[in-house]
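Since every read-out is calculated from the coordinates, none of them should be taken as a lab result. Small disclaimer: the values here were computed from a predicted structure and weren't measured. Neighbour counts run over all protein chains shown; Cβ positions are idealised from the backbone, glycine included.
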Amino acid sequence: MTTPILFFAAGLGTRMGQLTKDRPKPLIPVAGRALIDHALDFSEIPEVGRRIVNLHYHGDMVRQHLRNRAVAFSDESNALLETGGGLKKALPLLEENPVLTMNTDAVWSGPNPIRQILGAWQEHMEALLLLVPRDRAVGHLGKGDFSISPDGQLERAPGAIYTGLQIIRTDCIADIPELKFSMNLAWDQIAARGGLYGCIYNGQWCDVGQPASIPLAESMLHV
C-alpha cells in the first residue's frame, strides 16, 4: 500500500522580499537546487503513491520546472485557499485516505522525513505531525508549537516545532464547510477528539522562510 502526498507550493512567499518578486518561493535555489526539488526528492520512495503539487503564485513557472517529474497539479490560480483549503481542493486528485502533506520551504539534514513519519503512523491516529526540538531547528526563533505527552498526543504550547510534514485522515477536511481555511482549524478539531499526535524528527531542519535563512540552510547541508 502506498500513501499519496500533497506538496504545498501555492503561497506568495512575501517574507522572501525581492527574491519572490518574479518567481515563486518553491523555485528559490538552496545549495544549487530549487526548494521544491529538495522536498520532492524525499518522496522518491516506494511507500509514496500519487504526488500532487498545488499552484497559485507563478504557477506556470512551477509547472515548467516540474515538467519532467511525475507529479500532478491542483490549480488554485483563481483563489489562494490556505493550507486546509488547498488540501480540501486536492482531495479528488489524492484519491486515498490518509494522505501526506509537505511544505516546500524547508530543507532537512538527516534521515528521510517522509519515511520516518510513515513508520511512526498508527491506525488509531487521526493526524500525525513531524516535529523538531528547538535546538535542532536551524535559524528558527519562535517558541515552538506543541507539547507532546508520553503517548505522543499533542497540545498547543511552546515546545517542539512543526516541520511542515504530516500524515492525516481526510474525513475532517472534507467535512469542513469553508473553502478557504488553515490546517490549524482541522488540527484543533482533531485535538479536541484526542486524535492529534506528533513524533520527533531524527535530524536537523531549517525553515527557509526569509533570505537570511538561505545561508543557514546551506551551512546545515554542509555546502
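Quick look at the values:
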read-out	value
Where N is the number of residues in the range 38-93, Cα Rg divided by 2.2 N^0.38 Å	1.15
Cα-Cα pairs of the range 142-208 separated by more than 14 Å (percent)	63
Highest-MSF residue in the chain out of Leu141, Leu131, Leu94 [GNM, Cα springs under 10 Å]	Leu141
The range 1-120: antiparallel DSSP beta bridges as a percent of all, rounded to 5	15
Loop GluC sites (Glu not before Pro), the range 14-95, which have at most 15 other Cβ atoms in a 10 Å radius of their Cβ (DSSP)	Glu44, Glu47, Glu95
FRET efficiency, 1/(1 + (r/R0)^6) with R0 41 Å, evaluated for Glu178 and Asp22 via beta carbons	0.80
Unit Cα scatterers, Debye sum, the chain: log10 I(q)/I(0) for q = 0.09, 0.18 Å⁻¹	-0.33, -1.50
Cα pair distances in the range 117-175, grouped into 10 Å bins until the bin that holds the longest one, percent each	21, 50, 26, 4
Placed amide H near Gly209: partners under 5 Å, 5+ positions off or other chain	none
Long-range HN-HN contacts of Ser74 with modeled amide H, under 5 Å	Val53, Asn54, Leu55
Longest exposed-site-free window of the chain, the sites being trypsin sites (Lys or Arg not before Pro) in a DSSP loop that have at most 10 other C-beta atoms within 10 Å	68-142
DSSP-defined antiparallel bridges as percent of all bridges, the chain, nearest 5	50
